[in-house]
Amino acid sequence: MVTEAVKALSAAEITELCLRHTLYDWSAQSALKPLPVTSAKGVYFHTADGRRFIDFNSQLMCVNAGHGDRRIIDAIHRQAEQLPYISPFMAHEARARLGAKLAQVLPGDMDKVFFTLAGADANENAIKIARAVTGRTKILARYRSYHGSTGAAVQATGDPRRWPNEYAGGVVHVLDPYHGIQRGWDTVEESLANLNETIQLEGPQTIAAFMLEPIVGTNGILVPPDGYLQGVRQICDRYGILLICDEVMTGFGRTGRWFAVDHWDVVPDMITMAKGLTSSYVPLGAVGMRPKVAAYFDDHVFYGGLTYNSHPLGCAAALGAIQAYEEDDMVGNARRMGEVLARRHRTLRERHPCVGAARSIGLFGCLELVRDRQTLEPLAPFNGTSPEMKAIAQALMDGGMHTFVRWNTIMTNPPLCITESELDEGFEILDSALEIGDRAVRD
């Protein structure tokens, strides 16, 4: 039998076939021009037409270990040869080892996980667990949040991605400590008082859980003031409300600690994770839970399940990713390079009048652009864009940078393996592109 070599597709062929036969996320398809990517290594990826891009957003804040890490690839390869799939009703070694490893790195006394495919269904199942354990139905969530695009998860999402998808119920949204660049931050006392008032008005006995991102992700990298999460924990305890921390973006070293809550020594009742769990080499999510939550299901059926729960390839990839994080001290590198990133942020803010604010913790950061340094009018409106932001996004692409540009923000979330010289390369591209924003600023 002769096997005929398959001719590689050209850049144009890849793009045309993808657009013709597949549907892209969050987009009107006719306006799309996706990059035809062929390979990636470290903090860079390459396209079929020979271009190289520095990945300054770890794709979707998820390739924490960087591209092409052999430890993760080899772990997937070994598992695929030995046992590529088995029913979630079975036990297997990768599941056993990963469960035990997560019990070591998760905050506090968390020692049990339920595996899912991604962050959205991790949040779905956390909500389901909270309602079952408490016997209550309502979920509190914040307006500046994103928790996934599936039923209850998109309902818990506060930002405008929820608006076309409001077909689930039982979610109540509360205001955040941050009210936008023009109004700024509440005090901790004001934020907690607002939360407490909402709970009183809704009825504490009706609320199963409060789901929040400890550090808000795509809605602006909003790092809460010290004392906020501790206060939330106390309020939840007072009313018997479970605290669910969505660490899909912040988990596994992104902020310079294993999990964002570790910065404030807060232990949630449940923690959801995905993305960095496998460095996104293979889809896998999880819900971590404290013993008091897990114990409910000792004698009660958990009415949930997934064909790919505890998928062997996902579990193996996660073990490989955690190995990479530990062997290369990527969590420590995120902390060290995070200090460099914060300094580069400050330099850009000093150099460019269009930079109204710069926020970061570890390698989790963003620049918020303004049209007026005095009034802090955003360079693009809420849930919208502007010619200047579109031009900046194009200039970044033309300069060889991939990152996430949303509304009036630019994300700076590179892989945790990044070096100082690679950070400098990225910030040189940003420095140049921000000149477009400067020309739009009113003195």
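The values are calculated or read from the model by the stated rules, or taken from the named source; none is laboratory data. In this text, all values refer to a predicted model and were calculated from it rather than measured experimentally. All Cβ positions, glycine included, derive from the backbone under ideal geometry; neighbour counts span all protein chains shown.
What to note about this one:
- Residue in the range 316-328 that is farther than 27 Å from His67 by Cβ, in contact with a Lys or Arg (Cβ under 6 Å, 6 or more places away or on another chain) and of a type outside the set (Asp, Glu) present: no
- For the range 116-124, the criterion of a residue being in contact with a Lys or Arg (Cβ under 9 Å, 6 or more places away or on another chain), closer than 22 Å to Phe302 by Cα and touching a residue at least 40 places away in the same chain (Cβ under 8 Å) is satisfied by at least one position.
- Matching residues in the range 216-237 - criterion: being crowded, with 19+ Cβ neighbours inside 10 Å and at positive phi: Gly220, Ile221
- Test: residue in the range 246-261 that is in a helix (DSSP H, G or I) and under 25 Å from Asn413 (Cα atoms): yes
- All positions within the range 55-79 that are buried (at least 22 other Cβ atoms within 10 Å of the Cβ) and among the aliphatic types (A, V, I, L, M): Met61, Val63, Ala65, Ile72, Ala75
- Residue match in the range 82-90 (condition: assigned by TED's automatic domain parsing to the domain that holds Gly305, hydroxyl-bearing (Ser, Thr, Tyr) and over 22 Å from the mean Cα position of the chain (by Cα)): yes
- Selection within the range 97-110 - within 18 Å of Ile322 (Cα to Cα), under 23 Å from the mean Cα position of the chain (by Cα) and not aliphatic (A, V, I, L, M): Gly99, Lys101, Gln104, Pro107
- From the list Gly169, Gly135, Gly151, the one residue that fits, being farther than 18 Å from Cys245 by Cβ and at pLDDT 90 or above, is Gly135.
- Enumerated strands (runs of 3 or more DSSP E) restricted to the range 110-194, each holding at least 3 residues that are touching a His at 6+ places or on another chain (Cβ under 7 Å) and surrounded by fewer than 19 Cβ atoms within 10 Å (Cβ to Cβ): none
- Neighbours by Cβ (under 6 Å, 6+ apart or cross-chain): first from the range 206-218, closer than 14 Å to Asp176 by Cβ; second hydroxyl-bearing (Ser, Thr, Tyr) and at pLDDT below 95: Glu213/Ser145; Thr218/Tyr146
- Of the helices (runs of 4 or more DSSP H) lying entirely inside the range 286-405, none contains at least 2 residues that are among the aromatic types (Phe, Trp, Tyr), modelled with pLDDT of 95 or more and buried (at least 19 other Cβ atoms within 10 Å of the Cβ).
- Among the candidates Ala75, Ala40, Ala94, Ala118, the residue that is aliphatic (A, V, I, L, M), under 25 Å from the mean Cα position of the chain (by Cα) and under 30 Å from Ala156 (Cβ atoms) is uniquely Ala118.
- Within the option set Val43, Val6, Val37, Val63, being among the hydrophobic types (A, V, I, L, M, F, W, C) and not assigned by TED's automatic domain parsing to the domain that holds Ile361 holds for one residue only, Val6.
- Contacts under 9 angstrom Cβ, first residue in the range 36-56 being closer than 23 Å to Arg20 by Cα, partner acidic (Asp, Glu) and part of a loop (DSSP other than H, G, I, E, B), 6 or more apart: Pro36/Asp49
- Considering the conditions (1) free of Cβ contacts under 8 Å to residues at least 60 places away in the same chain; (2) of a type in the set (Lys, Arg); (3) in contact with a Phe, Trp or Tyr (Cβ under 9 Å, 6 or more places away or on another chain), Arg344 is excluded by exactly one of them, (1).
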